[in-house]
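Single-structure report; data block below.
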Amino acid sequence: MNKAKWPAFWFLLPAALLFIVFFYWPLLQNLYLSFFSWNMISPTMKYVGLSNYSDILGSRELYKIIGNTIVFVLIMLLFNFVLPYFYSFILGHLLQRGKMFYRSVLFLPATLSLAVASILFLWIYNPLAGPLSIVLAWFDMESPRWFKENLLVIFSICTIIGWKVFGYNLIVMLAAMVAVPREMIEAAKLENASNWTIFRRIIIPMTSSTAIYVFTITVVFGLQYVLVPVNMLTQGGPDQGSSNLVYIVYQYGFIFFQTGKSAAFAIITMFCYMAFLYLKNKYLEKKVYYEN
């Protein structure tokens, strides 16, 4: 190695070691555990080969979990990607007064923990005495059991995540909105372009790099955020109706004490994330506008 490169090597070495110890080594350990049957209590592990993978891939549970995951992603993209996109455009270019007030109010839930948000929405969605049930009673409507019915439970949990994360994504998108040259927007208005045309023809292309970032973190981190409300409110129920690819790893590992299947689910989840990132890089990155 060239002597001039040695300083760079020594600077990178600590970070590389930490990355190996806390990322690659646990990944290899997880892959190793996926070939065994172990309950984390017994001193011995039973080698089962690919049985954990074959059991998972051959079960209906996996496909229900994948279906739940897709529904989670679609609803969270609506709450934490599409809505922040439009709201940031309104706050950045359409609203004339009270901008700081609305920014503060919309960002405030992001300062609370998911545990607090889960408890708050457990009260809001209470079918007997919650605020939402009282409002529905005014219209002679009975409140459904929000956390006890399939699909409805996913929507309910997504509202918790959406309420919590919306403000952060809004601020990120708003930073991209105000960076769009105002001269371009004013020129478009002189040509009698509508707000929708400005949004579609100018705003979306100019903010696409930030949008792809928000899109990615909504999918990747959104499924991890789901872990807290699901664990606190539903434990994956009813009948795995609110479980997803992230929670099922925790569920098999620390509730069912089937470490091998938990590790196998983790590997399958990792490949799903890799497939998503591959598709994102192949199809979405090509349409992103990067300044300079």
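The values are calculated or read from the model by the stated rules, or taken from the named source; none is laboratory data. Nothing here was measured: the structure is a model prediction, and the numbers come from that model. FYI the Cβ positions are ideal-geometry reconstructions off the backbone, even for glycines, and counts take in every protein chain you see. All accessible areas refer to the heavy atoms of the entire protein, side chains included, with ligands and DNA or RNA removed. Shrake-Rupley method; radii C 1.70, N 1.55, O 1.52, S 1.80 Å.
If you take the residues of region 267-288 that are over 25 Å from S34 (Cβ atoms) and in contact with a helix residue (DSSP H, G or I) (Cβ under 8 Å, 6 or more places away or on another chain), which of them is modelled with the highest pLDDT? The residue in question is K280. Pairs linking a residue in region 228-239 that is touching a residue at least 40 places away in the same chain (Cβ under 8 Å) and within 21 Å of V165 (Cα to Cα) to a residue that is open to solvent by 20 Å² or more (accessible area, probe 1.4 Å) and part of a loop (DSSP other than H, G, I, E, B), with Cβ atoms under 6 Å and 6 or more positions apart or on different chains, are L233/F147; T234/F147. If you go through region 185-206 one residue at a time, do you hit one that is on the phi > 0 side of the Ramachandran plot and either touching a helix residue (DSSP H, G or I) at 6+ places or on another chain (Cβ under 6 Å) or at pLDDT below 90 (or both)? Yes, region 185-206 contains a residue that is on the phi > 0 side of the Ramachandran plot and either touching a helix residue (DSSP H, G or I) at 6+ places or on another chain (Cβ under 6 Å) or at pLDDT below 90 (or both). Here N80 meets the list (1) free of Cβ contacts under 8 Å to residues at least 12 places away in the same chain; (2) surrounded by 10 or more Cβ atoms within 10 Å (Cβ to Cβ); (3) not in a loop (DSSP other than H, G, I, E, B) almost entirely, failing just condition (1).
Scanning region 220-253 for residues that are touching a Lys or Arg at 6+ places or on another chain (Cβ under 9 Å) and among the hydroxyl-bearing types (S, T, Y) gives Y225, T234, S243, Y252.
Of everything in region 43-67 that's part of a loop (DSSP other than H, G, I, E, B), at negative phi and of a type outside the set (V, I, T), which residue is farthest from the chain's Cα centre (by Cα)?
If we take residues in region 43-67 being part of a loop (DSSP other than H, G, I, E, B), at negative phi and of a type outside the set (V, I, T), then P43 is farthest from the chain's Cα centre (by Cα).
For region 185-204, give me each residue that is part of a helix (DSSP H, G or I) and open to solvent by 60 Å² or more (accessible area, probe 1.4 Å). Once the filter is applied, which keeps residues that are part of a helix (DSSP H, G or I) and open to solvent by 60 Å² or more (accessible area, probe 1.4 Å), region 185-204 yields E186, K189, L190, N195, W196, R200, R201, I204. For the criterion of being surrounded by fewer than 19 Cβ atoms within 10 Å (Cβ to Cβ) and either modelled with pLDDT of 95 or more or closer than 19 Å to T218 by Cβ (or both), P109 passes.
Scanning region 1-42 for residues that are part of a helix (DSSP H, G or I), out of contact with any helix residue (DSSP H, G or I) (no Cβ under 9 Å at 6 or more places or on another chain) and either touching a residue at least 12 places away in the same chain (Cβ under 8 Å) or of a type in the set (V, I, T) (or both) turns up I20, V21.
Considering only region 101-160, state which residues are within 22 Å of the chain's Cα centre (by Cα), in a helix (DSSP H, G or I) and among the polar types (S, T, N, Q). Answer for region 101-160, where residues must be within 22 Å of the chain's Cα centre (by Cα), in a helix (DSSP H, G or I) and among the polar types (S, T, N, Q): T111, S118, S156, T159. Of everything in region 207-225 that is at pLDDT 90 or above and of a type in the set (A, V, I, L, M), the residue that is nearest to E186 (Cα to Cα) is A211. Here Y63 meets each of (1) surrounded by fewer than 18 Cβ atoms within 10 Å (Cβ to Cβ); (2) closer than 21 Å to V180 by Cα with one exception, condition (2).
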